[in-house]
1. If the label point is 7 Å along Cα→Cβ of A:Q771, which residues in the stretch A:737-761 have backbone nitrogen under 20 Å from it?
2. Which length gain, in nm to one decimal place, applies between A:L689 and A:I433 when the Cα-Cα distance is subtracted from 0.36 nm times their residue separation?
3. Grab the other residues whose beta carbon is less than 15 angstrom from that of A:G328, score K and R as +1, D and E as -1, and report the net.
4. Within the stretch A:267-302, list the residues whose amide N lies under 12 Å from a label point set 7 Å along Cα→Cβ of A:Y124.
5. In the neighborhood of A:H622, defined by Cβ-to-Cβ distances under 9 Å, what is the net charge if each Lys or Arg adds +1 and each Asp or Glu adds -1?
6. Loop sites only, by DSSP: take the GluC sites (Glu not before Pro) in chain A that have at most 12 other C-beta atoms within 10 Å and name the longest stretch containing none of them.
7. For A:F204 and A:V724 in the same chain, what is the full-extension length gain: residue separation times 0.36 nm, less their Cα-Cα distance, in nm?
8. What's the exposure ranking of A:Y114, A:Y124, going from fewest to most Cβ atoms within 10 Å?
Amino acid sequence: MMHSLIQLSIIVLLLPLLSFVLLIFFNRRLPRNGDFLAVGILGATFAISAWIFWDVIVIGYDPSFKLAWSFNWIDFGDVPGVGPLQIKMGIMIDNLTAIMLAMVSLISFLVHVYSTGYMSGDKYYGRYFAYLGIFTFSMLGIVLSDNLFSIYIFWELVGLSSYLLIGFFFEKDSAADAQKKAFLTNRVGDIGMWLGILILYSQFHTFGFEEIYEHIKAGDFHMSQAWLTAAGILLFMGCVGKSAQFPLHVWLPDAMEGPTPVSALIHAATMVAAGVYFVARIFVILTVDALHVIAFIGAITAFMAATIAITQHDIKRVLAYSTVSQLGYMVLGLGVGAYSAALFHLLTHAFFKACLFLGSGAIIHAMHHEQDMRWMGGLSKKMPWTFVTFTIATLALAGLPLTSGFMSKDAILAGALGFAEVEGGGIYYLIPILGFFSAMLTAFYMGRQIWLVFFGESRTHLKPADEHHGHDDHGHHEVHEVPWAMRMPLVVLAALSVFAVFSPDPLDGAKGWFMHLVQTPETVVAADVQHENLNNAHHDASVAQGENKGASAETAAVEHVSDAVHGAEQENVHASVAAAGHSVVEEHAAPHATDDHGDEHHGPVFNDPRQAAIAHAAHENHDPAIMYSSIVVALGIGLALIVYVFGFINPEKTAQRIRPLYLYSFNKWYWDEIYDATVIKGSLLISKLLAWFDNNIVDGIVNGVGALVRKFGTASGGFDQYVVDGMVNFTAFFVQTSGAAMKKLQTGKVQTYLVMALVAVTGYIVYYFVQVM
Amino acid sequence: MDFFNTIGLNHYLVISAILFGLGLFAIVTRKNAIVVLMGVELVLNAANINLLAFSKYNGGMEGVMFGLFVIVLAAAEAAIALAIVINMYKTFNTVDVSSIDSMKE
């Protein structure tokens, strides 16, 4: 008997697929191309997801909640030399899944509603909704998967739907190029991910997450630890591709060629976050080395994208680089071990970034497909709804207090500070420093964007005439607010960007429901193979214990850690429970913390000393992080005000003065050029070499063999014609000639035959007698 | 000479051989199908004489029995052969065996 939540989640998964099937086949026969069907089905999907969310999150409210169901998909039977082998498919619902389900289906639903306004009148209106349907299906599939194999399948499916939707305006060359670029870039990451999956499968003969955790925990990984690190980094490559991390980030800005609601849904809120979600799923099997790689990649991505976003003119490109930057934050957060903070940021970012993209879509719609911020300005009065919602989302993105983004970003930065402290400083401080610097840049470029778009005078008339792209009615229409179908999603998403949705305390996300329900799981990689940083962790934990004696209000985590590390004081019941090895989520942690220390700390309790030390240090660094980030955000916004509002610094002149830097940023660090010169030119060169090899060597061999066979054929044909045919013909000739001679004997007269018989018998008798005598 | 005084086996065999030769001669040279048939009867009877002669000088009844069989056979043969001759006449309007050679080639 299947649990009812599982059944509901299967319905949720299949509903968008139904929408896809109905619309892809019948959209031309349905009234309004079937958009009401897609919106209705997605509404139902959201309603059921909300039901699951209500059941799991609101009613359940249990950090250790987990529900799994699976069936044998392919049974290979008893494979010689390996043993019984099956591939299972299944569904796993935990708190994170329930939250992601609700988030994905809500944003997908809102984007559907929004698209009825934004895409109305498009030639392929119905097909657009069909694509949205298959995207939502595959995204929900990723969220619900309980094993690497099915997550890989759905991973490729979201890649496909992303490809289809980026190139939705495929008549434009730029869109067709962008979709190819996105697909190929993603392939690079996916190959790595697949290799990582195969490394794990070769060891454990299973794809299931839980089984892999158990195997690694039990020490069934028989290769050297470097292989586990390699597996982690290879799996992370999938995330690098899908979540547009450095160095595979180049596709995401180009993906803005797709319709803007698609950018909001796929390339801001959900699909690109799938990479982060996936890393969260494999978080516990990552070794320390793999986590370091992840943290540095995330930090580099966050910083690089933020510097690029400063100088872009296209409103969507600024948001795209901002998305890359924020994804970098999430990856950074996972890398430094701030698991729940990173996922919290995933959730908050999904709402405010979707709001920003939909807002930019509204602006583009109202401006008649003008995307260049240089020719905007003064829209705040003409589009008040868009202005207000866009501003709220911007504040959340910039990380101002009272917004959701503030809480999640600060939690990540606190985690990064704690991480750097535990890892012993030095190069590791680069990660929080890059994080804070990116936070400042984020505040700056979003301030710039708000000002360029909404304030000042309209600059539509300043646009050079030769940049008009074919719309003959361009610029003659009055700019006005978008219809309600497009306004409603903005309002909902802006409302979800406010702190109160997530936490009662605007300064501390850890007090909110999310951080309580999605807690950092304990690593399953055995502590003795984590490298020398362990010593630092021991040291920190001891220090923490010392502080504990001084200050009475200390966290439960520290007590547990010090107990676990010293392994002596067995009288502490809770500590012994922790030491006994409750691994994935320490379910006793929350009530215990509440009993002893009020709601001081809700975090999980770790046996792993490194994780415990980081969690502790992150908690310690919460207040400094708030302080630093407020300062850098204030700096960023102040700089934006100085440059764009008060005009103390002229941006054009400054850009001239620091021209190399400006060009470096404006040209996106020249990544496209670098890839063009190396990877693309290189593969073209290899292709040409291979083509030459193919044309000359392979074809030569084939042609040589062909010629040889032809020669042999000619010889064989001659033999056939003269020798074999000659024999056959001679036989026929001989038979004919002898027949002609012999037929003379056949007179047809009965007496002739009789005489012949007589002669023969007589002859025989004579012969007989001659023989005898 | 003994041959002329007492009648022995050789006399029968000579008669039989003469009869056989006459029969063959009739079969090979006569053109009338009826006469050819009579030649066949002569050959059969030459064989009969042989059978009886050997039977008498061997002292058993096998030759006699065989002779009876040959007579029966000859009767049947004559009946069928005459029927063939009648059909031959119906088809070719002649009983001349030398002019019937439609099987040639």
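Readers should treat all values here as calculations from the given coordinates under stated rules, not as data from a laboratory. Note that this is a predicted model, so its numbers are computed, not measured. With ideal geometry, Cβ positions are generated from the backbone for all residues, glycine too; neighbour counts draw on all protein chains shown.
1. A:757-761
2. 87.6 nm
3. On the way: positive: A:K242, A:K353, A:K409, A:K668; negative: none.
Around A:G328, the surrounding residues sum to +4.
4. none
5. Surrounding charge for A:H622 is -4.
6. Numbers: sites that count: A:E171, A:E457, A:E478, A:E532, A:E569, A:E571.
For GluC sites (Glu not before Pro) (loop position, at most 12 other Cβ atoms within 10 Å), the longest site-free span of chain A is A:172-456.
7. 180.7 nm
8. A:Y124, A:Y114
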